[in-house]
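The values are calculated or read from the model by the stated rules, or taken from the named source; none is laboratory data. These figures come from a predicted structure and were not determined experimentally. Cβ sites come from the backbone with ideal geometry, for glycine too, and all protein chains shown count toward neighbours.
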2 protein chains.
Amino acid sequence: MKGNVVVGQSGGPTAVINSSLAGVFKNAMERGYNKVYGMRYGIQGFIDGQYIDLADYIKNDLDIELLKRTPSAYLGTCRYKLPGIHEDKTIYEKIFALLDELDIEVFVYIGGNDSMDTIKKLSDYALLTGARQKFIGCPKTIDNDLAITDHTPGFGSAAKYIATSTKEVIRDAMGFSYGKKNLTVMEIMGRNAGWLVGSTALAKGEDCDGPDMIYLPEVPFDLDKFSEKVEKLLEEKDVVVVAISEGIKTAEGKYICEFTAGSDSVDAFGHIQMTGAAAYLANMIHDKLGIKTRAVELSTLQRAASHLSSKVDIDEAFAVGGATIKAADDGCTGMMVVIDRVSDDPYQSTTSVFDVHRIANDEKVVPREWINEAGDNVTDEFINYAQPLIEGTLLPVMVGGVPRHLVLK
Amino acid sequence: MKGNVVVGQSGGPTAVINSSLAGVFKNAMERGYNKVYGMRYGIQGFIDGQYIDLADYIKNDLDIELLKRTPSAYLGTCRYKLPGIHEDKTIYEKIFALLDELDIEVFVYIGGNDSMDTIKKLSDYALLTGARQKFIGCPKTIDNDLAITDHTPGFGSAAKYIATSTKEVIRDAMGFSYGKKNLTVMEIMGRNAGWLVGSTALAKGEDCDGPDMIYLPEVPFDLDKFSEKVEKLLEEKDVVVVAISEGIKTAEGKYICEFTAGSDSVDAFGHIQMTGAAAYLANMIHDKLGIKTRAVELSTLQRAASHLSSKVDIDEAFAVGGATIKAADDGCTGMMVVIDRVSDDPYQSTTSVFDVHRIANDEKVVPREWINEAGDNVTDEFINYAQPLIEGTLLPVMVGGVPRHLVLK
């Protein structure tokens with residue numbers, strides 16, 4: 001008889017991280033594991049002995065369906081980096097003692113770059129000490145910045161929410177254009193990688209032109225050029241909508257949001273005011289051209305809006321979760337499940353595994369050739385890549401007019 | 001044979017204002033009117049001779065269905081207040097000349113308080129001059145602050161979006177609570193009326209406690225009390241989520257967002273920084289307690305997120321649109337269509353008409369008895385009133401992974 005599995009969630013949550021958890025649980029049960037334990041608040045809580053037996057909480061297939069539709073980390077998450085093995089052995093001894101005590105055979109960690117570092121270190125330690133547990137990473141991040149995998153679960157749903165919201169913001173701006181020109185600057189998450197801001201281009205279709213300009217953090221941002229372009233666009237049309245990454249910076253490496261902080265801007269508490277980059281640019285254009293401008297930040301909802309998850313994303317999140325257990329059964333350890341794209345159109349993907357040492361702590365940015373020459377939009381290659389990932393809808397289960405979630409009480 | 005109808009949209013758009021437009025168009029066609037003209041950008045564009053024949057653009061039932069799912073004002077909107085009749089007669093002469101020229105029998109205006117003022121003045125002028133046109137108002141505003149009508153189309157969908165987003169933000173905050181307490185302050189639209197911020201309470205259910213506190217603009221806001229309450233709550237629990245109206249102010253009448261402006265806060269352009277009220281409160285608590293805090297503003301999407309419209313709202317918006325034409329056929333003028341609630345459970349409503357003179361320029365706020373004694377939450381009466389209005393979903397028509405809209409080209 002097989003032993004047990006333990007699974008944790010780590011880093012910033014996504015709309016579909018719980019779909020991966022559901023995939024791990026269901027696949028482990030089907031493959032004959034005895035128990036599936038869930039770490040509370042990732043490895044940080046686990047070290048403190050915080051875990052649950054998932055079967056006590058996920059009782060039937062309806063619970064599985066609700067879990068797939070629940071945003072944020074069902075088990076709780078953490079931002080915790082394990083020390084190097086040579087720095088602090090005792091923490092490893094503690095973790096492995098707990099793993100032995102719980103008869104754990106497979107350790108699954110759902111997360112991004114930092115979380116894969118955890119898988120790397122634990123699998124290294126197991127190798128060094130001959131421990132029997134297998135350590136498998138399950139990719140997750142809205143930022144889509146993990147290496148090797150074609151894309152990460154979480155990205156597609158964030159992109160779908162961002163594209164839909166962008167389209168709605170553009171419609172809203174269009175309604176107000178009579179007799180007055182206006183500029184909207186939308187600020188999108190993604191400090192170093194422009195995958196999310198690039199996906200505002202998916203708003204484009206027969207009924208919408210999409211944003212007029214899109215600025216990714218991969219390309220240095222030129223304030224003067226931006227200002228000139230906006231001015232020129234406003235000569236041709238009344239409504240201009242621009243999308244920027246929160247992480248755009250000048251060629252000198254200064255974040256746009258730091259420009260305000262460079263001034264007298266201190267609030268009542270003495271905080272330096274890091275006005276958002278979008279607010280800064282909107283103010284700048286308002287001052288220069290005297291037109292109505294506004295800044296829109298999509299905020300936390302970019303990672304939490306499971307009411308608008310992508311079906312492709314949620315299914316893949318579930319599949320990579322299941323694939324972690326299969327990988328362990330195949331004898332893998334120190335590996336992450338990756339998504340391989342088989343075809344763009346019709347979109348098809350499969351999963352495989354890859355050495356986590358080549359994934360952890362690496363950061364995949366948007367290739368320069370997927371950004372246009374002027375550095376103010378994405379190319380068709382980007383759209384062909386991202387568009388299939390936002391397809392389809394897994395309808396929320398609505399109770400009382402709002403989506404029902406599965407929560408741990 | 002009947003003459004023609006002209007319909008306009010005015011004020012801030014909503015997720016369902018176009019459903020009312022669809023209702024006007026469909027009902028007018030069915031009732032044998034010859035043409036339905038649409039004013040571009042409300043009365044302001046109409047005065048300039050900007051209008052279209054809607055039949056050229058809404059060609060079939062699929063277009064009607066798309067229009068019902070399209071946010072913002074399909075025809076374009078304006079914020080334009082007609083002068084008093086005694087102040088400027090020429091503008092009225094111009095409008096009525098155009099109405100005669102277009103053989104208009106019914107003038108429908110979809111909007112809020114200010115728009116009903118337009119209906120009032122035009123119907124008064126028609127009465128004074130014996131003009132034959134009938135003027136009917138069609139209610140619309142996310143703010144739900146129109147008098148006489150039980151509620152306004154647009155409110156239910158905004159409330160559904162706000163309740164759903166609140167639930168997702170709470171889930172997100174809960175995922176991060178291990179070993180550290182955190183506070184989220186959500187800022188919701190509605191400067192004078194607390195209907196929208198109150199609807200964050202609809203996040204509450206078996207799987208969610210809803211916001212810990214809700215502050216409506218109807219009740220003076222006390223910074224010290226707020227701070228004390230947050231501190232007390234954080235002794236009992238790790239995650240606190242508070243919803244505030246953008247319009248909360250102290251007993252002395254000072255808006256919370258003005259507090260920052262009172263300090264040295266000037267940005268690089270010399271703008272006084274009106275940091276949002278939520279950001280101010282989040283900073284204040286962070287400074288006082290040293291815990292992690294964040295501010296979330298739902299922004300424009302509160303009125304534009306038609307991807308999450310309420311079915312009840314969209315159906316009622318369509319119904320009040322149609323009822324304007326019936327009202328005109330019944331001989332009404334200077335009236336607004338209102339929604340009458342027949343029953344809470346099961347929810348049932350009908351439409352009737354009411355004298356616009358008693359509606360225009362009035363503002364309906366949340367009754368004090370629907371707010372708890374402490375002034376930091378809504379009562380069950382509020383929930384019983386608002387909950388039926390967010391029920392049901394009219395699925396978006398998804399094309400390429402995003403909702404398809406009907407747009408005027």
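At a glance:
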read-out	value
Tally of residues being on the phi < 0 side of the Ramachandran plot and either without any contact (Cβ under 8 Å) to a residue 60 or more places away in the chain or not assigned by TED's automatic domain parsing to the domain that holds B:Phe318 (or both) across the range B:121-133	7
Number of the exception - B:Lys229 against (1) in contact (Cβ under 8 Å) with a residue 60 or more places away in the chain; (2) surrounded by fewer than 24 Cβ atoms within 10 Å (Cβ to Cβ); (3) within 14 Å of chain A (Cβ to nearest Cβ)	(3)
Selection status of B:Arg294, over 29 Å from B:Pro396 (Cβ atoms) and within 11 Å of chain A (Cβ to nearest Cβ)	yes
Enumerated helices (runs of 4 or more DSSP H) restricted to the range A:4-81, each holding at least 3 residues that are touching a residue at least 24 places away in the same chain (Cβ under 8 Å), closer than 24 Å to A:Val312 by Cβ and among the hydrophobic types (A, V, I, L, M, F, W, C)	A:17-30, A:61-68
Residues of the range B:82-109 classified as farther than 30 Å from A:Lys167 by Cα and in contact (Cβ under 8 Å) with a residue 60 or more places away in the chain, total	7
Any strands (runs of 3 or more DSSP E) falling wholly within the range A:288-388 and containing at least 2 residues that are touching a His at 6+ places or on another chain (Cβ under 9 Å) and closer than 30 Å to A:Asp63 by Cβ	none
Unique residue being over 28 Å from B:Leu301 (Cα atoms) and surrounded by 24 or more Cβ atoms within 10 Å (Cβ to Cβ) when the list is B:Val16, B:Val5	B:Val5
Residues satisfying the stated conditions in the range B:148-169, i.e. facing chain A (nearest Cβ under 9 Å) and of a type in the set (A, V, I, L, M, F, W, C)	B:Ala159, B:Ala163, B:Val169
Count of residues meeting criterion [more than 9 Å from chain B (Cβ to nearest Cβ) and over 17 Å from A:Asp103 (Cβ atoms)] in the range A:33-55	2
Extreme residue, farthest from A:Met336 (Cα to Cα), among residues of the range A:359-401 that are among the β-branched types (Val, Ile, Thr) and at pLDDT below 95	A:Thr393
Hey, A:Val242 of a type in the set (A, V, I, L, M) and closer than 28 Å to B:Pro71 by Cβ or not	yes
Only listed residue being surrounded by fewer than 21 Cβ atoms within 10 Å (Cβ to Cβ) and farther than 30 Å from B:Asn4 by Cβ, chosen from B:Val399, B:Val296, B:Val378, B:Val312	B:Val399
Complete set of residues in the range A:122-133 that are surrounded by fewer than 21 Cβ atoms within 10 Å (Cβ to Cβ) and either in contact with a Pro (Cβ under 8 Å, 6 or more places away or on another chain) or in a helix (DSSP H, G or I) (or both)	A:Asp124, A:Tyr125, A:Ala126, A:Leu127, A:Leu128, A:Thr129
Scan of the range B:240-258 for residues that are surrounded by fewer than 21 Cβ atoms within 10 Å (Cβ to Cβ) and in contact (Cβ under 8 Å) with a residue 24 or more places away in the chain, ordered by number	B:Glu246, B:Lys249, B:Thr250, B:Ala251
Residues located in the range A:299-325, provided they are out of contact with any helix residue (DSSP H, G or I) (no Cβ under 7 Å at 6 or more places or on another chain) and on the phi < 0 side of the Ramachandran plot	A:Lys311, A:Asp315, A:Glu316, A:Ala323
Boolean, A:Thr118 is more than 14 Å from chain B (Cβ to nearest Cβ), of a type in the set (Val, Ile, Thr), assigned to a loop (DSSP other than H, G, I, E, B) and in contact (Cβ under 8 Å) with a residue 40 or more places away in the chain	no
Any hit, the range A:57-71, residues being under 25 Å from the mean Cα position of the chain (by Cα), among the charged types (D, E, K, R), surrounded by 19 or more Cβ atoms within 10 Å (Cβ to Cβ) and farther than 24 Å from A:Asp114 by Cβ	yes
Sole exception among (1) surrounded by fewer than 24 Cβ atoms within 10 Å (Cβ to Cβ); (2) modelled with pLDDT of 95 or more; (3) farther than 24 Å from B:Asp340 by Cα; (4) not hydroxyl-bearing (Ser, Thr, Tyr) for B:Ala203, by number	(1)
Matching residues in the range A:389-402 - criterion: being assigned to a loop (DSSP other than H, G, I, E, B) and of a type outside the set (Gly, Ala, Ser)	A:Glu391, A:Leu394, A:Leu395, A:Pro396, A:Val397
